[in-house]
Each structure stands twice: as structure tokens, then as C-alpha cells.
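See structure below.
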Amino acid sequence: MNATRKWILHRASAVILAPLFAWSYFSLISLSEKTYQETIYFFENPLFKILIIALFFIGFFHAKISLNEIFEDYIHDQKIKDVANLLASILSIVLPITILTLLIYKI
Amino acid sequence: MIDNQNPISPHLQIYRWHISSLLSITHRITGVVNLLALILIFFWLLTFSLGESHYELFLLVINSFFGKFILIGFTWSMSFHIFSGIRHLVWDMGYGLEIKTANISGVLVILSSLISTIIFWLLGKGLI
């Protein structure tokens, strides 16, 4: 990805992510006091499902760019850096897709 | 081995800490911690989808003393990263770059993150 594009996308994802992450985390704290049945009721709202799916896709996209920067600064061995970047890419694809599948078919 | 007496450049630990450098590294650390918080949300949804018995085990863990400690820590980490991120975005737009302004905004980030963590928990637990 072009560096300028990466820089802009990193900021754009941050702006969307800030309210999304705060809302999701707030929901987790509120639901930690509730039962399984009450939590089922929470997930009946399709908007909440969409927001959580967005959180995972945008969140991992933001995290992947950030991790690339961190690895660039602290890992000096090129091979280790490539492996670390590959792992970050795999994580940022697998976890959001798992969430997407779970929310569509299981929850 | 030849004893090299050449002077070397000063290392990070001998520099005096400034609020700017402290907040810069904390922004990175909280970013990584937030990734762990996102992974926790992943496990929340995963155990929920696996059924009631798995979900109750998850609730037991997060409602324990250790679990609450982690959750409060994650809340502060998220708050800090968001406020510090806003500070970075304002800088990116070219504002607030003067040393004095940057120091004041730095203190504001720390205070806001602490206050919002408290408000977040009081609201989340339905206490206010």
C-alpha cells in the first residue's frame, strides 16, 4: 500500500473506530452483569450485529497498519519482521471473518 | 578484542522524561493493549455463540477480581488511546504543536482518560 494512502486510511479508520470501540466495550461491561437470556435479547437488534462486525473489520485493519509500524521500528531482522507482518495480516483477516460467520449463523 | 573508547550516543534511559515522550510511548502501548481488549471481545462473542454453559464460564472469569482488574485496565487503555488519538489528529491538522500547548493538551489527555474511565464504569454498571 502507498505510504500516503496508508497514513490517511489509518486516520480515517481511527475516527470511525473511536465511537465504535467505546460503544462495544461499554456494551460488554453492561452485559457482564446480565444473564445469557438477557444477552440473547441484546443481539436480536440487527444494528448491534452490524456495528460489532464493523468494529472487527475496521479495528483489525487499524491494528494491522499500527503493528506494521511498530514492527518496522523495533524488529531489525528482516526475516522475523516479515513473519511478524504475515502473522498480523492473518490475524486481521481470520478474526473478523470468524466474527462475521458467528454473528450471521450462530448468534 | 580492541577496547573501543569512542564515545557512544546517549541511550534512551538517560534522557529526562517529558510529557510528550511519555504520552508518545503510552499511546503505542495502549494501542497494543486495545488489541488485546478486542481479542477479549472476540472471546466474549465466541463463548456466547457456544452456548449458556461456556458463556457462564466467561462471565465467571470477567466478574472475578482479576477479571475486573483487567476490564478496568482495558477501559483506561481505551480512553487514553482515544483522547491521545484525538490529540494526534489535531496535530495532523497543524494545530496545537507549540510546546506549551502540547504540554497542556498532554495533561488534559491524562486527566480525561482517568475521569472517563470512572464515568464509563459508573454508567456501565448502572450506578448513575
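Derivation of every value follows stated rules applied to the coordinates shown; laboratory data play no part. Being a predicted model, the structure only gives us computed values, none of them experimental. Cβ coordinates were reconstructed from backbone atoms using ideal geometry, including for glycine residues, and neighbour counts include every protein chain displayed.
Using the Kirkwood radius built from alpha carbon pairs, what does the Stokes-Einstein equation give as D for the protein assembly as shown at 25 °C and 0.890 mPa s, in µm² per second?
Details: Rh = 19.8 Å.
Rounded to a whole number, D works out at 124 µm²/s.
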* Which of the trypsin sites (Lys or Arg not before Pro) found in segment B:56-128 are loop residues per DSSP with 13 or fewer other Cβ atoms within 10 Å of their Cβ? -> B:LYS125
* Is there a simple number for the mean count of other chain Cβ atoms within 10 Å of the Cβ of residues in A:59-70, and what is it? -> 3
* Interchain or long-range residues, amide H under 5 Å from B:GLY96's placed H -> none
* Over the whole of B:70-76, what's the average partner chain Cβ count within 10 Å per residue? Rounded to a whole number, please. => 2
* Provide the per-residue ³J(HN,Hα) series for segment B:114-120, in order, calculated from phi with Karplus coefficients 6.51, -1.76, 1.60 and θ = phi - 60°, each as a whole number of Hz, with x at glycine and proline positions. => 5, 5, 5, 4, 5, 4, 4
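Across peptide A:23-34, what mean number of C-beta atoms from other chains lies inside 10 Å of a residue's C-beta?
Average per residue, whole number: 6.
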* Structure fact -> Fewest-first ordering of A:THR35, B:THR30 by Cβ atoms within 10 Å yields A:THR35, B:THR30
* Asked: Hey, what D do you get for segment B:18-124 in µm²/s if you plug the Kirkwood alpha-carbon radius into Stokes-Einstein at 10 °C and 1.306 mPa s?
  -> 103 µm²/s
* Asked: By count of other Cβ within 10 Å, fewest leading, how are B:HIS11, B:HIS54 ordered?
  -> B:HIS11, B:HIS54
* Structure fact -> chain B: relative contact order from alpha carbon pairs under 8 Å, six or more residues apart, as a whole percent, is 30 percent
* Structure fact -> Residue by residue through segment B:82-87, the couplings from Karplus 6.51 cos²θ - 1.76 cosθ + 1.60 with θ = phi - 60°, in Hz, x for Gly and Pro, are 5, 5, 5, x, 4, 4
* Asked: So which DSSP H runs in chain A come out at 20 Å plus along the axis (Cα) with average Kyte-Doolittle of at least 1.0?
  -> A:46-74, A:78-101
